[in-house]
Amino acid sequence: MGMTMSQKILAAHANLPEVKAGQLIEAKLDMVLGNDVTSPVAINVFEGCGASEVFDNTKIAMIMDHFTPNKDIKSAQHCLQVRNFAGKYDIKNFMDVGEMGIEHALLPEKGLVGPGSLCIGADSHTCTYGALGAFSTGVGSTDMAAGMISGKAWFKVPSAIKFNIVGKPNRYVSGKDVILHIIGMIGVDGALYKSMEFSGEGLKYLNIDDRLCIANMAIEAGAKNGIFPVDDITREYTNGRFQGTAAEYTADDDAEYDAEYTVDLSQLKPTVAFPHLPENTKTIDEVEKIEIQQVVIGSCTNGRISDLRAAAEVMKGRKVAKGVRCIVIPGTQKIWLDAMHEGLFDIFVNAGAIVSTPTCGPCLGGHMGVLAQGEKAVSTTNRNFVGRMGHIDSEIYLASPAVAAASAVAGYIANPADICEN
């Protein structure tokens, strides 16, 4: 029996000729990631077991993004602990205020992950890097500590689900709509501990930002990872950027899948996930008028330059509705600068929105946009669990940047086509 893309990457890093679903393996890591929330726990484990050196100071990334710029004394202490550790062990990819970004936007941009990489991160959305043809998955802080010490991790080889992407998307349909459609179709446990593998002729209509968004939310279907094949779109993004040695893997013709689905992009519509699960989806034409108080455009899911352009296209020459707070958060410093130079900030600020430094802030109810009791928000983030962005009686509606921008202008969940055609 042949192997899937994910299984081939795992086999190569375990130095095995082949692996099978369910097999336990030990594999060498190309990158170990932590942030300001998870790294302190990993550091405590690292020091608690008596470790005195890291396996490779170029293959560890520590990104201060969740509660930074520091929102309180506790978050400041966390960052200080990580800063001291990074200094002691000369961690080359420690990124603090001024050079940091949202981790899952920053690592691809910096070329720290790429085709064929095996990456673990103490953050569940580490699965983002599958967009580049890597096997990447979230782990606990203890596993992060073990990875920093040994450069290895244990894996149970996942089985896979295949998604055949066909057709050409209509206007205002993006990668966010694709993944929300899929999660709505299979459920938040529909790919539990499986690899979500994407293929098909329709991939040529999904740019790298779309793919990063889709892979990012694989975990919201319970998946171990999401992965795309390496093609010309991937190569254009990674060539000259990826700091490692690229390796391209394709699934064997006889690879075994637990299930196969076809997703016709031409049939998709802008999609919204209602509270309190990403699977609770409705297409925009099914949404009744729901008034909102806040819009967040950003995060590791949708804080990239094409996301900001999509939002700006809708908001240009328009105003944010009275009573709505609209917060725009570029994913990295480079994206921030690109958006500024393109004039996107003028559009957002003139519309009545604010633009933040890169941060995860409001996505996890940390800062920069916490919701009060009874408030409703449209957000381009990836989770809408109870209390995720603030009070347990607040509500989060997940949507694309275009839908989020249209909703900010309308004051209720709105179709961007309706806003832009009026």
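The values are calculated or read from the model by the stated rules, or taken from the named source; none is laboratory data. Here the structure is a predicted model, which is why all the values come from computation and not from measurement. Here the Cβ is made from the backbone with ideal geometry for all residues, glycine too, and neighbour counts use every protein chain on show. Surface areas here come from the heavy atoms of the whole protein model, side chains and all, with no ligands, DNA or RNA. Shrake-Rupley method; radii C 1.70, N 1.55, O 1.52, S 1.80 Å.
Once each part is reduced to its C-alpha centroid, what is the distance from the range 300-349 to the range 177-239 in angstrom?
Taking the Cα centre of the range 177-239 as reference, the centre of the range 300-349 is 24 Å away.
Expressed as a whole number of Å, what is the distance separating the alpha-carbon centroids of the range 86-165 and the range 30-78?
13 Å
Applying a 10 Å radius around every beta-carbon, put 52-60, 361-369 in order of their mean neighbour count, most first. All intermediate terms of the calculation are to be shown ahead of the outcome.
Working: 52-60: 16.2, 361-369: 21.8.
Listed from highest to lowest mean packing, they are 361-369, 52-60.
Roughly how big is the chain's charge dipole about its Cα centre, with Cβ charges of +1 (Lys, Arg) and -1 (Asp, Glu), in debye to the nearest 20?
Dipole of the chain, to the nearest 20 debye: 760 debye.
With the contact rule set at Cα under 8 Å and sequence spacing of 6 or more, what percent relative contact order holds for the range 55-162? Walk me through the numbers on the way to the answer.
On the way: 132 pairs, mean separation 24.5, N = 108.
Averaging sequence separation for qualifying contacts and normalising by length gives 23 percent for the range 55-162.
So if each residue of separation counts as 0.36 nm, and I subtract the Cα-Cα distance between S150 and K334, what length gain in nm does that give?
63.0 nm
What is the distance, in nm, between label points placed 7 Å from the Cα along the Cα-to-Cβ direction at Y257 and at E342?
A separation of 3.2 nm, rounded to one decimal place.
Could you rank the peptides 280-290, 9-19 by their average count of other C-beta atoms within 10 Å per residue, with the highest value first?
Highest to lowest by the protection proxy: 9-19, 280-290.
Could you derive backbone 3J(HN,Hα) for the range 112-119 from the dihedral phi with the Karplus parameters 6.51, -1.76 and 1.60 (θ = phi - 60°), listing whole Hz in sequence and x where the residue is Gly or Pro?
Couplings: 7, 9, x, x, x, 5, 10, 10 Hz.
Tell me, in nm to one decimal, what length is gained between E99 and N350 on full extension, where the rule is 0.36 nm per residue of separation less the Cα-Cα distance?
87.7 nm
What is the magnitude of the charge dipole of the range 169-304 about its Cα centre, with +1 placed on the Cβ of each Lys and Arg, -1 on the Cβ of each Asp and Glu, and no other charges, expressed in debye to the nearest 20?
It works out to roughly 700 debye.
Reachable lysines from K92, Cα under 17 Å, same-chain residues fewer than 8 places away excluded?
Excluding near neighbours in sequence, the set is K59, K110.
Where a ≥ b ≥ c are the square roots of the eigenvalues of the C-alpha gyration tensor, would you call the range 159-222 rounded, which needs a/c under 1.5, or, failing that, prolate if a/b is larger than b/c, or oblate?
Working: a/c = 1.90, a/b = 1.57, b/c = 1.21.
Cα axes put the range 159-222 in the prolate bin.
Please say if the range 47-133 is rounded, prolate or oblate, where rounded means a/c under 1.5 for a ≥ b ≥ c the square roots of the C-alpha gyration tensor eigenvalues, and otherwise the choice is prolate for a/b larger than b/c and oblate otherwise?
Since a/c reaches 1.5 but b/c is at least a/b, the shape of the range 47-133 is classed as oblate.
Full-extension gain between I392 and E201, please, as 0.36 nm times their residue separation minus the C-alpha to C-alpha distance. Intermediate results must be reported in sequence, preceding the final value.
Details: separation 191, 0.36 × 191 = 68.76 nm, distance 4.24 nm.
Full-extension gain reported as 64.5 nm.
Would the chain count as rounded, prolate or oblate if I go by the C-alpha gyration tensor, calling it rounded below 1.5 in a/c and otherwise prolate when a/b exceeds b/c, oblate otherwise?
Oblate.
Starting from the amide H of T281, placed 1.01 Å from N in the peptide plane, find each other amide H under 5 Å away whose residue is 5 or more places distant or on another chain.
Under 5 Å from the amide H of T281: F274.
Going 7 Å from the Cα of E47 toward and past its Cβ, which residues in the range 64-105 have a backbone nitrogen under 14 Å from where you end up?
Counting only backbone N, you get 77-89.
Compute the relative contact order of the range 296-394 as a whole-number percentage, counting only Cα pairs closer than 8 Å that sit 6 or more residues apart in sequence.
31 percent
Let me confirm the definition first: pairs of Lys residues in the range 130-251, 8 or more apart or on different chains, C-alpha distance under 26 Å. How many are there?
So the count works out to 16.
Ignoring ligands, DNA and RNA, what accessible area per residue does the chain give at 1.4 Å, in Å²? The partial results should precede the final answer.
Values: 16070 Å² over 422 residues.
Value for the chain: 38 Å² per residue.
For the chain, what does -39500 (n - 2.57) per DSSP helix run (n ≥ 4), summed and divided by total residues, give at 222 nm, in deg cm²/dmol to the nearest 500?
So the calculated ellipticity at 222 nm is -8500 deg cm²/dmol.
Extending each Cα 7 Å along its Cβ direction at T250 and I73, get the distance between those two points in nm, one decimal.
6.0 nm
Helix hunt in the chain: which complete DSSP H runs extend at least 18 Å axially by C-alpha with mean Kyte-Doolittle at least -0.5?
Passing helices, by number: 73-88.
Scan around D123 for amide H atoms under 5 Å from its own, H built in the peptide plane at 1.01 Å from N, and keep only partners 5 or more places away or cross-chain.
Under 5 Å from the amide H of D123 lie the amide H atoms of V139, each far enough along the sequence or on another chain.
To the nearest 20 debye, what is the magnitude of the charge dipole of the range 234-321 about its Cα centre, counting +1 on the Cβ of each Lys and Arg and -1 on the Cβ of each Asp and Glu?
Once rounded to the nearest 20, the dipole reads 1120 debye.
Spin-label point model (7 Å from Cα, Cβ direction): what's the T357 to K289 distance in nm?
4.1 nm
So what are the ³J(HN,Hα) numbers for the range 66-71, from phi and the Karplus equation (6.51, -1.76, 1.60; θ = phi - 60°), rounded to whole Hz, Gly and Pro as x?
Along the range 66-71, the couplings run 6, 10, 10, x, 3, 8 Hz.
Output the relative contact order of the range 1-109, whole-number percent, from Cα pairs under 8 angstrom with separation of 6+ residues.
Details: 116 pairs, mean separation 27.1, N = 109.
Once normalised by length, the contact order is 25 percent.
Which order, highest average first, do 186-198, 128-140 follow once you tally other Cβ atoms within 10 Å for each residue and take the mean per peptide?
Result, highest mean Cβ count within 10 Å first: 128-140, 186-198.
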